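Encoded as structure tokens, the structure appears first; notes follow it.
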Amino acid sequence: MSSPAGGSVFADRVLNDWLSSVGLGIEYSRAEANTLYFVDEDGEEVPVLDHVCGFGSLIFGHHHPDITAHAKATLDQQIPVYVPLSRQSHANDIAAVLNAILRREIPGGDGDYAAIFANSGAEAVEICVKHAELERRARVAKLTEEIGRNAQEAREAVGAGRATVAENPYIQLGREGGETERLERLLAEAGRRNAELIAKGPVHLALENAFHGKLVASVQLTQNPHWRLPFTSLASSTRFLRADRPEAMKAAVEELRMNLLDVLVDDGVVTVVERDFPVIGAFFAEPVQGANGMRPLTEAAAREIRAVCDAVGCPLIVDEIHSGMGRTGAFFAGSHMGLRGDYYTLAKSIGGGIAKNAVALFHRDRFRPEFEVMHSSTFAKDGFSASIALKVLEMLEADDGRAYRVAAERGERLKEVLTTVASDYPDVVDAVHGIGLMLALEFKDQTRAASEPLREKAASGMLGYCVAGLVLREHRIRVLPVGPAGNSVRFEPSIYLTDADIARTENALRDVCTILRAQDGDRLTP
């Protein structure tokens, strides 16, 4: 199809210009397994090893033949795709498989989880934000009802002359008027303060360097200030906690504590007491922090996160959008460190590389049944994406979970090579992070490099993109940066990564490390 008259660009103009500036401005024409293809200036098809795989969305690679055949058969059957407000048994079929896997993998997974479907991972997170607020509001309503009943009991006791109003440290009453008047002043001021607090939105908890999406609510949970700060006025605030300091989490949460004022009649005296107000909406945690350089949580952090949620009564939302679906060698990455959630989010590979799908799971003990009607989507839970999801789950679980074992083995082999490169270039490489096929190689900070081009690229956060451009240009391998500083490159291939692919990757990384060691910044310029 020809371009519009005058060559006007109506989509991705800024993005495409920027991609070209770092050597990533390539349009791919075909894909299969771990390989992308583009057509060069001579009309020749050029293969590229894909380590990005849709930001980890392709556990079975591009266009897996079994998934593609299943998709074609599904369409040939003319199954209903969009039929909102009808019985859709495929939704329950998916949820049943996920519940069985949860019970198998997650310690203490002793309950069923209700499923709400979405179109993307960020939308699944937003659904969790909504449900958590529904939960919190129910707790607030219960608390305010109790406070209301206690106020009425105090009125009756004072009115009958059975109680007097004591002085309190919260509200100064003075000595004017009788006991009934003093009580009404007390209740009015307590009610005003309580109403101000109740009107405030929740505060959510997340981990430093978290990534949970870029929609209105989910971007508040994503720490990167470039993405989050312009939109902080649009939704609830988030307190970010350090995953590497689990012992400090409870103290940080304690700082958020707020209280409502209540009155109690005790031995003929009306006293004012504080009641814990549920200010915290939910705790969001990724078992493996993708945007933090593929760093898995420790068992200590997982225990403390669970303990914090139990102490304050808020749901723990385990975000498995990036790490789930077998990528780490288990279906749920949280199973590696014993992270047990009240809610879960899944997306990415559940679409089989050809459909958009996501799901949020809610423990039955916390699920509000009315939410099934309160939340809806025209396109979520559609027949086509559901059919693909069931096929993907079947493939993951086949042969007693062989796909998980392959992901673990291939990931370990790739990690061994990355670790060898790191040990051979300790002056250039800082660390290797990750688990399974969710890995990252972190380069040392180059903001004080001897090479001016390197210093500039590192200071602007562009070093990782320039490294990716070099690897694509000279080695025909696709990687991208990961992490807030842009010093890491990600490796998230499918389970069909071969030894030859790993050898090519090692060769490319050694080339990059040699360039950085020699401070040859000009090599990184497209």
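Among the residues of region 228-248, which ones are touching a Lys or Arg at 6+ places or on another chain (Cβ under 8 Å) and surrounded by 14 or more Cβ atoms within 10 Å (Cβ to Cβ)?
Those that are touching a Lys or Arg at 6+ places or on another chain (Cβ under 8 Å) and surrounded by 14 or more Cβ atoms within 10 Å (Cβ to Cβ): 243, 246.
Within region 220-247, how many residues turn out to be part of a strand (DSSP E or B) and either more than 20 Å from residue 289 (Cα to Cα) or not charged (D, E, K, R) (or both)?
The number of residues fulfilling the criteria is 4.
Quick check on my filter: what residues within region 253-309 are of a type in the set (Val, Ile, Thr), open to solvent by 30 Å² or more (accessible area, probe 1.4 Å) and part of a strand (DSSP E or B)?
Correct list: 265, 269, 271, 273.
Taking into account only those residues within region 84-125 that are among the acidic types (Asp, Glu) and open to solvent by less than 50 Å² (accessible area, probe 1.4 Å), which is modelled with the highest pLDDT?
Filtering first and then ranking leaves 123.
Just checking, how many residues over region 44-78 are open to solvent by 50 Å² or more (accessible area, probe 1.4 Å) and farther than 19 Å from residue 478 by Cβ?
Number of matching residues: 9.
Between a first residue in region 211-240 that is within 14 Å of residue 130 (Cβ to Cβ) and a second residue that is open to solvent by 60 Å² or more (accessible area, probe 1.4 Å) and not basic (Lys, Arg), which pairs have beta carbons less than 6 Å apart while being 6 or more apart in sequence or on different chains?
Correct list of pairs: 216/234; 235/216.
Could you list all residues from region 14-24 that are of a type outside the set (Val, Ile, Thr), under 28 Å from the mean Cα position of the chain (by Cα) and exposed (fewer than 15 other Cβ atoms within 10 Å of the Cβ)?
Within region 14-24, 15, 16, 18 meet the criteria.
Can you tell me which condition residue 250 does not meet? The list is (1) of a type in the set (Lys, Arg); (2) at pLDDT below 95; (3) outside any helix (DSSP H, G or I), and all the others hold.
(3)
Just name the residue that is surrounded by the fewest Cβ atoms within 10 Å (Cβ to Cβ) out of those in region 155-206 that are of a type in the set (Asp, Glu) and over 45 Å from the mean Cα position of the chain (by Cα).
For region 155-206, the residue satisfying everything is 176.
Of all residues in region 167-188, which are charged (D, E, K, R) and part of a helix (DSSP H, G or I)?
Passing the criteria: 179, 181, 182, 184, 185.
Would a scan of region 334-356 turn up a residue that is out of contact with any strand residue (DSSP E or B) (no Cβ under 6 Å at 6 or more places or on another chain), farther than 30 Å from residue 304 by Cα, assigned to a loop (DSSP other than H, G, I, E, B) and of a type in the set (A, V, I, L, M, F, W, C)?
Yes, region 334-356 contains a residue that is out of contact with any strand residue (DSSP E or B) (no Cβ under 6 Å at 6 or more places or on another chain), farther than 30 Å from residue 304 by Cα, assigned to a loop (DSSP other than H, G, I, E, B) and of a type in the set (A, V, I, L, M, F, W, C).
Being open to solvent by less than 10 Å² (accessible area, probe 1.4 Å) and not β-branched (Val, Ile, Thr) is the filter here; which residues of region 331-351 pass it?
331, 332, 333, 334, 339, 341, 343, 344, 346, 347, 349, 351
I'd like the residue in region 142-154 that is open to solvent by 40 Å² or more (accessible area, probe 1.4 Å) and within 26 Å of residue 372 (Cβ to Cβ) and, out of all such residues, is farthest from the chain's Cα centre (by Cα).
Taking the candidates together, the pick is 145.
Checking residue 81 against (1) loosely packed, with under 15 Cβ neighbours inside 10 Å; (2) closer than 28 Å to residue 338 by Cα; (3) touching a Phe, Trp or Tyr at 6+ places or on another chain (Cβ under 6 Å); (4) not small (Gly, Ala, Ser): exactly one of these is not met. Which one?
Every listed condition holds for residue 81 apart from (2).
On the basis of being touching a Lys or Arg at 6+ places or on another chain (Cβ under 7 Å), in contact (Cβ under 8 Å) with a residue 12 or more places away in the chain and of a type in the set (Asp, Glu), does residue 93 make the cut?
Spelling it out, it is not the case that residue 93 is touching a Lys or Arg at 6+ places or on another chain (Cβ under 7 Å), in contact (Cβ under 8 Å) with a residue 12 or more places away in the chain and of a type in the set (Asp, Glu).
Sort out which residues of region 96-144 are free of Cβ contacts under 8 Å to residues at least 24 places away in the same chain and outside any helix (DSSP H, G or I), and write them in order of number.
110
Hey, any hits in region 496-514 for a residue that's open to solvent by 10 Å² or more (accessible area, probe 1.4 Å) and assigned to a loop (DSSP other than H, G, I, E, B)?
Scanning region 496-514 turns up at least one residue that is open to solvent by 10 Å² or more (accessible area, probe 1.4 Å) and assigned to a loop (DSSP other than H, G, I, E, B).
The values are calculated or read from the model by the stated rules, or taken from the named source; none is laboratory data. Because the structure is predicted, anything quoted here is derived from the model rather than measured. All Cβ positions, even for glycine, are placed from backbone atoms using ideal geometry, and neighbour counts span all protein chains on display. Heavy atoms of the whole protein, side chains included, go into the accessibility calculation; ligands, DNA and RNA do not. Shrake-Rupley method; radii C 1.70, N 1.55, O 1.52, S 1.80 Å.
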